[in-house]
1. Looking at (1) away from chain B (no Cβ under 11 Å); (2) at pLDDT 95 or above, which is the only condition residue A:130 fails?
2. Looking at the stretch B:471-484, is at least one residue surrounded by 19 or more Cβ atoms within 10 Å (Cβ to Cβ), within 14 Å of chain A (Cβ to nearest Cβ) and within 29 Å of residue B:203 (Cα to Cα)?
3. With the checklist (1) at the interface with chain B (Cβ under 10 Å from one of its Cβ atoms); (2) loosely packed, with under 15 Cβ neighbours inside 10 Å in hand, flag the one item residue A:111 doesn't pass.
4. Just the residues that are more than 14 Å from chain A (Cβ to nearest Cβ) and within 25 Å of the chain's Cα centre (by Cα), please, taken from the stretch B:491-514.
5. For residues that are facing chain B (nearest Cβ under 9 Å), surrounded by fewer than 24 Cβ atoms within 10 Å (Cβ to Cβ) and under 18 Å from residue B:455 (Cβ atoms), tally how many sit in the stretch A:161-191.
6. Just checking, how many residues over the stretch A:169-184 are in contact with a helix residue (DSSP H, G or I) (Cβ under 6 Å, 6 or more places away or on another chain) and closer than 28 Å to residue A:145 by Cα?
7. Checking residue B:537 against (1) crowded, with 16+ Cβ neighbours inside 10 Å; (2) within 14 Å of chain A (Cβ to nearest Cβ), which single condition isn't satisfied?
8. Consider the stretch B:303-319. How many of its residues are surrounded by fewer than 21 Cβ atoms within 10 Å (Cβ to Cβ), more than 7 Å from every other protein chain (Cβ to nearest Cβ) and part of a helix (DSSP H, G or I)?
């Protein structure tokens, strides 16, 4: 009742498009947050107009006309002091209550939420769908009109998950869980940001939220969970560069530029010939061959993904986290196939040139 | 006519605090509060220039979504250097240490602060703090942001190598701030002259007193926290490190327990300056003196209880969030009361639009916006969306830069004739004040929309929201206008030292005691203890064309004389 009265008063209805102040609304929370925001705005407009117009009026009316001291103005008035103390106090109490109710309403996730486990690490987002055994990176697909709960933790630093169009945000903290929930009200793609400063790749720790119709959601997740299992080795490289590389891209470039980690360009050649030097002074060539640690060079890549601190390439800090438990064997195979075929997947500038199904990109 | 000599005889123009003794060492090791204040002023303005250059680098870099010319690491160092220097080296010491040191003892009719040696030591600590900050840039850089959040700041694979020197720098600067605060509290308690009761003090002194309380009570907490952080990073004791069972969020509580009150260390003295600016330059008795005075104390006390509003999305319990939100609103009331009283002071005044007054009026306009947008952030439902976005960046620049720093610059203009004995150029000073006002609002008003529409803080690029570029472009243009204003200010102020007209004793018609000693003040400020009246009663002054300043009205008795007649 109260909320519909506000809606009429402030012209916000569910699913509003972008306004002067706010991005479009795409969740149930967005509507309730915006009502509070617009209410506060109007109070601000009123006080701003009152203060600035009296400021300007006094400045014009009482501008100095001569050096003669004019001293007939009042110096105090207890009544007016009490009025302008108590009135704003009442007003901020109202705002506090409205904001508190809006906030508390959104604290308890409703029954029967669809649950997604979120893992943040420098500088990517991983979304696990335990119900389907599917994993997404830098992409989160959710059903329209069904409450979704994100159970979140971090592998390294404090991060924070924000979806502006949903008006939800919560810090993601190492060593504990935090959670938030939302119910999407609009189909489409929405931005997701990290909003807690986490170093070099902070501004690239992005993801997209895809809201799909509820009846398309389940088939999509089932397909996603198993898509690589039936693939032939020809299909794996295109799959890896489109579905898995986004977890690597904040540190490993495709165009030869050195970033936090070595570039993937030419990586297979360097590994295959053993031309990689480690911080220990050893070189990879001494570890390859039938009687040595890795035997075939593919095992070195596998070890670098699952136990990246074991050998650190010269010139780098060893900032890579382990992907143990996050990638299935076939996905690691796909990544190795991606390295071997990188020239067919990218152009000279490091742009990806194929779609996931192997067809060339427009 | 004993006391007439205090008001009307001109102190010797040949002997004043600037030329009383000569040589660099007579300045570096001086115990004179005026010289220490001037050294602070020079140092703080130098740091302001350096930190301002970093700000311009940030603004130009963000002209395009991909970023113009810095790598991400360089960008992170730029915003860290900008924030850390502006907070610890410029705004916190700005008004109290530079202007306060110069003006406070004179306003009290005293010869100096209570502990002159401690005062000199505070200044030296500031210099050491600066050296530590520069050292941190030299030994590997600093990219933690000015907040040093854990676990980022203790993770050596994440943050750069300069963290420990920077923490040491902030620690040392904390002591500088504590000593200044202690000094001012004791000075105000012990060195007030005959007749100056608490409620006859200029409001600038009330604000400085409230600030000093916070400096003394809150700063030790950040000192201990910074020490813990140094030990954690160097030895790994596991108090903040989640990998060792520590709690990274605990650091945020410790940090904001100081750093929220620190916001009031920055804004309260500027509010004190503005109370002087508005009253003196409209020649109107300040309206609601007691309410303005008490509101300073109220802000200082409430300020200790609201730190949790920086952590609404940190995972702390909803109950704590609700309590912190409620207390946060209590701070907004004394701030609003001040604004209303300043407005009422303008009513029936005689308002002159010189540079100090333009800065004072700018302060009221900008602080109104800064304060009102604080409501969006104190309200729980909306803060969840706005936290850690450019909306917050815009809000705290409206308060810390547009208010605290503009108050500081207004104060410099107000007391410049007293400090240097010279008048600056009227036209250029007004022109620059207007440029700064326009530039400031262009730079930061756009950032409200940036934040609420989806731009997080501390982003080196914004490739996912390229449609927000237009706001960044307007913001950068605004920052250029503001920078031009500041450059003009630097030029005419420097020019006035060499070629400025000689300042009269009382160019604006102020009544507090500093306008009763010569410009610049003599070495001992006052030859005899002055007697104090109502420092906002301007009716006893009149304009003297010959002197181009104000002096005591003929035939009106001085406060001391009336009392002695009654006796």
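The values are calculated or read from the model by the stated rules, or taken from the named source; none is laboratory data. Since we're looking at a predicted model, the values are computed, not measured. In this analysis, Cβ positions are derived from the backbone assuming ideal geometry, glycine residues included, and neighbour counts consider all displayed protein chains.
1. Among (1) away from chain B (no Cβ under 11 Å); (2) at pLDDT 95 or above, residue A:130 violates only (2).
2. no
3. So residue A:111 meets the others, but not (1).
4. So the first thing to find is which residues in the stretch B:491-514 are more than 14 Å from chain A (Cβ to nearest Cβ), and the list is B:491-503, B:505, B:512-514.
Across the stretch B:491-514, the qualifying residues are B:491, B:492, B:493, B:494, B:495, B:496, B:497, B:512, B:513, B:514.
5. Result for the stretch A:161-191: 2.
6. Residues meeting the conditions: 3.
7. The single condition residue B:537 does not satisfy is (1).
8. 3
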